[in-house]
Structures are given as C-alpha cells and as structure tokens.
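Below: the structure, in structure tokens.
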Amino acid sequence: MKITVGLLFGGRSVENEISVVTALQTLESMNKEKYDVVPIYIAKTGKWYTGEKLLTVANYRDMNTLLSQCSEVYMRPVFGDKNLYLVNPGPFSKGVVAALDVILPTLHGTNCEDGTLQGVLTSIGIPFVGCNTLASANGMDKITMKMILKDCDIPVVDYFWFNDKEWYANQDAVIGRLEAKLSYPVIVKPANSGSSVGIKAAHNRDELIEAVEYAASFTTRVIVERLVTQLKEVNCSVKGDYNDCETSVCEVPMRSGEILSYQDKYMRGGGTKGAKGGVKSGAAAGLSDGAASESASGEGASCDAAAEGASCENEGMRSLLRELPANLPAGETERIQELARATFRALACDGLSRIDFIIDESDRSIYVNEINTIPGSLSNYLWEATPKADGEKYRFSEVLDGLIEGAFARSREEGFKVTDFGGNIFAAMPAGGGSKM
C-alpha cells in the first residue's frame with residue numbers, strides 16, 4: 001500500500017512564497033509509486049487549503065483565484081485522529097479528504113519552522129518529518145541557539161541581544177551596553193527570521209539605529225553580532241537524528257555585498273556567471289510578490305535538464321550562485337562537517353537541516369552562524385552532489401525516503417515513553433473532599 005503524505009507548506013510567515021517553491025521542488029523528487037501526496041497549503045491568513053491547483057507555481061500569481069479553486073480543510077486537535085477534514089463538506093459527504101499517514105513540512109520562518117506547527121502535530125499524534133518542538137524553537141531563535149552552542153564549546157561570533165521594549169524604553173542605555181561589548185561594523189538581525197529577512201549591516205551608530213528599527217519590525221527580540229569583514233560563508237547539510245547523523249558536501253554561496261541577502265538567495269537577475277561556470281539562465285515563473293528566483297545551469301547548479309523530474313520554473317535556493325563542492329584548504333571541510341554534526345546533536349535535531357558557517361579569512365577561524373531546521377529547497381542540491389559510501393551520489397528521492405522512514409521510527413520510539421502512571425490520584429481523595437489539593 002502507498003503511504004499517504006500530507007505535504008504541508010505556505011504558512012503565516014514572510015517566507016510563505018519560499019515555502020511554496022520548496023514544496024513543489026520536493027514533490028518533484030518524491031517517488032510516486034511509494035507515496036500518495038496530499039498538498040496542504042497554509043495561507044497567510046492561517047486557513048488551510050488543498051487541491052490540485054496548488055501544484056502549479058504560476059497559479060500563485062493570483063492568490064484569490066487560486067484559493068477559490070481549492071477546498072478549505074483542517075485537522076482536529078485530537079490525539080490519534082490523522083484525518084484531513086473539509087471545512088464545508090457537501091450534504092452527502094463524510095467530510096474526510098484523506099487519512100494521512102505522515103506529514104512532510106516544507107514551511108519556513110515564524111509560525112512554521114519555530115516549533116509552533118510541530119507542537120500542533122505532536123498534539124495530534126501524527127508522525128512528521130524534521131525536528132520536534134524544542135529543537136525547532138531553539139534552532140529558529142538565534143539568541144537561544146547561540147547560548148546552547150556556546151555552552152557546548154561550539155564557536156559562534158560575539159553577539160549582544162535585547163528586546164524591542166528595552167529598545168523603545170531606553171535606547172541610549174541599550175546602545176551604550178552594545179557598544180561596550182561590540183565594535184563597528186556589526187550585523188543586526190531579527191532573532192527568529194530566516195531567508196535573510198530583516199537583516200542589515202551597520203558601520204556606525206546612525207546605521208545601527210536604522211538597522212535595529214528595521215529588525216524590530218519583524219520580531220520582539222533582536223540580536224547584534226560582530227560583522228566579520230573578511231568573510232567566507234560555507235553551508236553544510238546534516239540528516240539523521242540527534243544520535244546518528246551524516247553530513248553533505250559543503251558549498252560556498254555567492255553574495256553581492258557584505259551579507260548574503262534575500263535578493264541573493266531568491267531574486268538575482270539572469271545572465272550572471274556563477275561559481276565554477278554556473279550561469280543564470282532566465283526569469284522564473286514569478287510568485288505573488290516576486291519571491292521566485294531564476295533558473296540556473298552549469299556545474300554546481302541544480303536546474304539540470306537531464307535531472308529526473310526537474311522543473312526549471314521554480315528553483316528557489318537551488319538557483320543561488322554557488323561554489324559546489326566548496327574549494328577549501330586542507331582540513332577545513334572536515335572541520336566544518338564535524339561542527340555541523342556537533343550542532344545538530346547539541347540542538348537535538350531530527351530529519352534534515354542546513355547549518356551555515358562563517359570563515360574569518362583573516363585568521364581562518366570558523367564559526368557556526370545559524371541552523372535552518374527546514375532549509376530552503378530542503379538542501380536537495382547539496383545531497384545530490386554528495387557521494388555515498390559506494391561512490392554513487394545521492395538521489396534526493398532516496399533522501400526523502402529516509403526522512404519519512406525516520407519520522408515513523410521516531411513516532412514508534414516516542415510511543416514507548418511513559419505518559420501515564422496508570423493511576424488516578426483523585427480516586428484516593430476522601431469522599432466529599434473540597435477542591436483544594
């Protein structure tokens with residue numbers, strides 16, 4: 001029998017459109033003989049929808065028309081009920097769209113990748129791919145993540161953090177403490193956003209104030225880090241669980257300025273030569289706010305006309321100009337992969353993540369920058385470039401098979417944990433006792 005997979009994407013997040021791209025790429029790689037895939041799109045309003053029209057990227061140009069052609073659905077917050085229900089069933093309908101076996105989340109950002117969704121799925125008791133609530137929340141929040149990693153002797157750049165209420169109540173005091181700890185230039189980030197949303201560099205106090213105001217428009221907590229000026233960024237993906245995991249090859253993403261921006265990742269123009277001869281080759285289908293990126297071809301790019309089931313229409317992170325595999329000095333690749341596994345374990349991750357590193361080229365120091373617990377494109381381009389033990393490179397369909405099998409395995413393991421002592425403390429209370437414990 002086929003496994004029924006709920007492919008969950010979209011979300012109440014500024015990364016909604018990027019999630020659509022990731023979902024459609026993931027669907028291209030899934031083995032249709034093994035899985036029946038039910039697309040479930042969470043709109044920016046928070047409503048859930050399903051329907052075949054969700055599977056064509058061009059339909060997202062007109063969201064009102066698209067959603068009018070889909071069915072609104074929901075899942076009940078009842079443990080063990082894995083059905084997907086219609087909000088408005090017909091008079092002769094039982095109202096069940098599908099009985100789901102497992103959820104494959106391809107959502108990014110706040111309300112999606114930060115443990116919020118994972119908590120809902122855990123409450124329902126349905127197996128799902130990826131990190132649990134705790135690991136998702138710690139991975140999403142850059143402040144908490146750096147605290148954990150620092151405590152585990154995993155290197156991170158110097159940082160300072162504060163919340164928006166502190167900033168607006170006593171800006172001068174916050175700036176004073178910040179400047180006592182960090183020297184300019186710095187980089188200012190929302191603590192819990194991804195895809196480089198809300199990030200700006202600051203070289204003086206005026207730029208700092210502007211950058212903090214911008215970051216605070218996305219979040220309640222802001223982190224400011226020392227900006228490494230002689231910077232090389234390196235990414236590495238990890239898959240497995242907190243006990244047993246493996247790493248992909250590394251990549252060096254190409255950036256257009258001091259930081260790797262949202263525009264670099266998703267909106268760079270066509271016709272630009274990339275790493276090792278990779279060439280941008282044209283405009284993408286164009287999501288509702290232009291969040292799709294261009295297609296790519298050449299060595300190191302992922303839009304290969306010969307790739308199984310590939311579509312160059314919605315490329316997302318895999319169209320980013322990159323050096324793949326990364327050309328690093330002897331020993332640095334192995335050190336980055338070692339730190340990637342250590343980070344994955346320290347944060348108790350599951351499934352597949354991408355860990356982003358910074359190399360300070362002035363002294364070759366290596367720092368963990370952040371973890372993406374549901375990375376753009378699910379890092380398919382990294383795994384497709386990674387050799388297995390037999391020398392053959394991964395097919396991403398194989399990676400997805402492993403992730404889904406891992407979701408079922410974790411669900412079985414969790415089923416053995418004690419959640420009920422088997423007694424009723426209220427039965428021992430004297431009859432007619434009061435309400436006080």
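A compact table of results
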read-out: Of residues in region 106-155 being among the acidic types (Asp, Glu) and in contact (Cβ under 8 Å) with a residue 12 or more places away in the chain, the one surrounded by the most Cβ atoms within 10 Å (Cβ to Cβ); value: 113
read-out: Residues of region 350-400 classified as among the aromatic types (Phe, Trp, Tyr) and outside any strand (DSSP E or B), total; value: 4
read-out: Scope region 57-87; condition of a type in the set (Val, Ile, Thr), surrounded by fewer than 19 Cβ atoms within 10 Å (Cβ to Cβ) and touching a strand residue (DSSP E or B) at 6+ places or on another chain (Cβ under 6 Å); matching residues; value: 87
read-out: Sole exception among (1) farther than 30 Å from residue 351 by Cα; (2) touching a strand residue (DSSP E or B) at 6+ places or on another chain (Cβ under 7 Å) for residue 209, by number; value: (2)
read-out: Residues (within 11 Å of the chain's Cα centre (by Cα) and part of a loop (DSSP other than H, G, I, E, B)) located in region 118-140; value: 130, 131
read-out: Options 374, 355, 359: the member that is of a type in the set (Val, Ile, Thr), modelled with pLDDT of 95 or more, over 30 Å from residue 79 (Cβ atoms) and within 18 Å of the chain's Cα centre (by Cα); value: 355
read-out: Contacts under 7 angstrom Cβ, first residue in region 1-21 being free of Cβ contacts under 8 Å to residues at least 24 places away in the same chain, partner surrounded by 24 or more Cβ atoms within 10 Å (Cβ to Cβ), 6 or more apart; value: none
read-out: For residue 334: the one exception among (1) assigned to a loop (DSSP other than H, G, I, E, B); (2) surrounded by fewer than 23 Cβ atoms within 10 Å (Cβ to Cβ); value: (1)
read-out: Any hit, region 39-52, residues being farther than 27 Å from residue 193 by Cα, of a type outside the set (Ser, Thr, Tyr), modelled with pLDDT of 95 or more and not assigned by TED's automatic domain parsing to the domain that holds residue 400; value: yes
read-out: Region 203-220 residues that are farther than 21 Å from residue 15 by Cβ and not assigned by TED's automatic domain parsing to the domain that holds residue 110, paired with ones that are part of a helix (DSSP H, G or I) and among the aromatic types (Phe, Trp, Tyr) (beta carbon under 7 Å, 6 or more apart); value: 212/167
read-out: Residue in region 409-432 that is crowded, with 16+ Cβ neighbours inside 10 Å, of a type in the set (A, V, I, L, M), within 22 Å of the chain's Cα centre (by Cα) and modelled with pLDDT of 95 or more present; value: no
read-out: Given (1) touching a strand residue (DSSP E or B) at 6+ places or on another chain (Cβ under 7 Å); (2) surrounded by 13 or more Cβ atoms within 10 Å (Cβ to Cβ), number of the condition residue 96 does not satisfy; value: (2)
read-out: Output for region 6-16, where each listed residue is among the charged types (D, E, K, R) and surrounded by fewer than 24 Cβ atoms within 10 Å (Cβ to Cβ); value: 12
read-out: Wholly within region 1-117, strands (runs of 3 or more DSSP E) carrying at least 1 residues that are of a type in the set (D, E, K, R); value: 35-42, 71-74
read-out: Residue list for region 340-386, filter: of a type in the set (A, V, I, L, M, F, W, C) and farther than 20 Å from residue 137 by Cα; value: 358, 359, 366, 382, 383, 385
read-out: Long-range neighbours under 9 Å by Cβ, at least six apart or interchain, first residue touching a residue at least 24 places away in the same chain (Cβ under 8 Å) and surrounded by fewer than 24 Cβ atoms within 10 Å (Cβ to Cβ) within region 347-360, second part of a loop (DSSP other than H, G, I, E, B) and of a type in the set (Phe, Trp, Tyr); value: 348/242
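The values are calculated or read from the model by the stated rules, or taken from the named source; none is laboratory data. Predicted model only: the values in this text are computed from it and were never measured. Please note: Cβ atoms are built from the backbone with ideal geometry, for glycine as well, and neighbour counts cover all protein chains shown.
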